[in-house]
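The values are calculated or read from the model by the stated rules, or taken from the named source; none is laboratory data. As the structure is a computational prediction, the values presented were derived from the model and not from experiment. Here the Cβ positions follow ideal geometry from the backbone for every residue, glycine too, while neighbour counts run over all protein chains shown.
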Amino acid sequence: MRRLIITADDLGRSHEMDSGIADTVRQGLVTAVSVMATGETVESGLAGLAGADSVSLGLHLVFTQGRPLSAPALIPSLVTPDGAFESSVFRLSRRRVDVEHVFTEAKAQIARFQSLTGKLPLFLNTHQHAHLLSPILSGMLMVCAHHGISRARLSMDHWPLPTPRLRSFIWPLASVWAYRQQVRYLDAGIQHPDRMLGGPTSERLTTSALCGLLSRVGDGLTELVVHPALGSVDSDALASAAAERILQERSIRRVGFDVL
């Protein structure tokens, strides 16, 4: 059986992203949404999902780009001198990150999520897949145990498609690193999809690229990561007749994280 979780990341990042995600949710094109509790538009973004009870709502933990919810003095290993996060996961990887600081900031983001939604996130993942880094993963697993959260993203892209972008060449290595995620998830009792798709095509998911990804969805549970900002190629691809035809022809069933 081929089952596919289609997750829209970055709710709360911008009004354009939030509007596009809301549209795909209303059309039944995505089955899960990752919320950025640190995002400037998170409140209005969540308001746009009102009534969408069938979609899985998770937390997109942020440790790169933007500013933390915790006081910078409490998490010095995660922030620059001006109190902001590093601009990329590559810069973050060069820091000596304290796991307790990750735990502190993750708790703050979960608390913000709870205050806005009235519940815990169904699943966790991280912005720019920061939990490929060992200290970020350790802190994330600590907060999972603290709150009883048992579902997370496995950043193991299934045979990532080559593109002209630098990230295309990084993803095969990142997917190898994700084996460490998988082992540690097993030890911690964290449930996850069998594989992920969409790493190299992030925010540039054309219809042809999406059809290529859907043609490689295998048996088991796959997570497809998308960023369907309003008017973006991602949103156009998700709504395309070509993509829907492949889903139907290959008997790919859209599901949420609640199947785990």
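Identify, by number, the condition in (1) at pLDDT 95 or above; (2) in contact with a helix residue (DSSP H, G or I) (Cβ under 8 Å, 6 or more places away or on another chain); (3) hydrophobic (A, V, I, L, M, F, W, C) that Ala209 doesn't meet. With respect to (1) at pLDDT 95 or above; (2) in contact with a helix residue (DSSP H, G or I) (Cβ under 8 Å, 6 or more places away or on another chain); (3) hydrophobic (A, V, I, L, M, F, W, C), Ala209 is out only on (1). Would you confirm, using the coordinates I've provided, whether Val89 is farther than 26 Å from Ile252 by Cα and modelled with pLDDT under 95? So Val89 passes the test. Put simply, of Ser175, Ser232, Ser240 the only residue that is of a type in the set (S, T, N, Q) and closer than 30 Å to Ser134 by Cβ is Ser175. Screening Gly83, Gly118 for residues that are surrounded by fewer than 21 Cβ atoms within 10 Å (Cβ to Cβ), over 26 Å from Ala32 (Cα atoms) and either under 18 Å from the mean Cα position of the chain (by Cα) or free of Cβ contacts under 8 Å to residues at least 24 places away in the same chain (or both) leaves exactly one candidate, Gly83. When Val183 is tested against the conditions (1) closer than 24 Å to Pro121 by Cα; (2) outside any helix (DSSP H, G or I), the lone failure is (2). In this structure, is Phe113 more than 25 Å from Leu57 (Cβ to Cβ) and either modelled with pLDDT of 95 or more or in a helix (DSSP H, G or I) (or both)? Considered against the rule, which asks whether it is more than 25 Å from Leu57 (Cβ to Cβ) and either modelled with pLDDT of 95 or more or in a helix (DSSP H, G or I) (or both), Phe113 comes out as no. Thr163 meets all of the listed conditions (1) β-branched (Val, Ile, Thr); (2) at pLDDT below 95; (3) part of a helix (DSSP H, G or I) but one, namely (3). Note on segment 1-20: among residues that are among the hydrophobic types (A, V, I, L, M, F, W, C) and under 13 Å from the mean Cα position of the chain (by Cα), the one that is farthest from Ala229 (Cα to Cα) is Ile5. The number of residues in segment 68-77 being out of contact with any strand residue (DSSP E or B) (no Cβ under 7 Å at 6 or more places or on another chain) and either at pLDDT below 95 or part of a loop (DSSP other than H, G, I, E, B) (or both) comes to 4.
Looking across segment 14-32, the residues that are surrounded by fewer than 23 Cβ atoms within 10 Å (Cβ to Cβ) and in a loop (DSSP other than H, G, I, E, B) come down to Ser14, Gln27, Gly28, Leu29. Among Val30, Val62, which is hydrophobic (A, V, I, L, M, F, W, C) and either at positive phi or in contact with a Lys or Arg (Cβ under 9 Å, 6 or more places away or on another chain) (or both)? Result: Val30 is the single residue among Val30, Val62 that is hydrophobic (A, V, I, L, M, F, W, C) and either at positive phi or in contact with a Lys or Arg (Cβ under 9 Å, 6 or more places away or on another chain) (or both). Scanning segment 33-60 for residues being buried (at least 22 other Cβ atoms within 10 Å of the Cβ), small (Gly, Ala, Ser) and outside any loop (DSSP other than H, G, I, E, B) gives a total of 3.
Could you tell me which residue of segment 212-238 is surrounded by the most Cβ atoms within 10 Å (Cβ to Cβ), considering only residues that are under 27 Å from His15 (Cα atoms) and among the hydrophobic types (A, V, I, L, M, F, W, C)? Out of the qualifying residues, it is Val226. Quick check on Ser88: is it surrounded by fewer than 19 Cβ atoms within 10 Å (Cβ to Cβ) and within 16 Å of the chain's Cα centre (by Cα)? Yes; evaluated as a whole, the condition is true for this residue.
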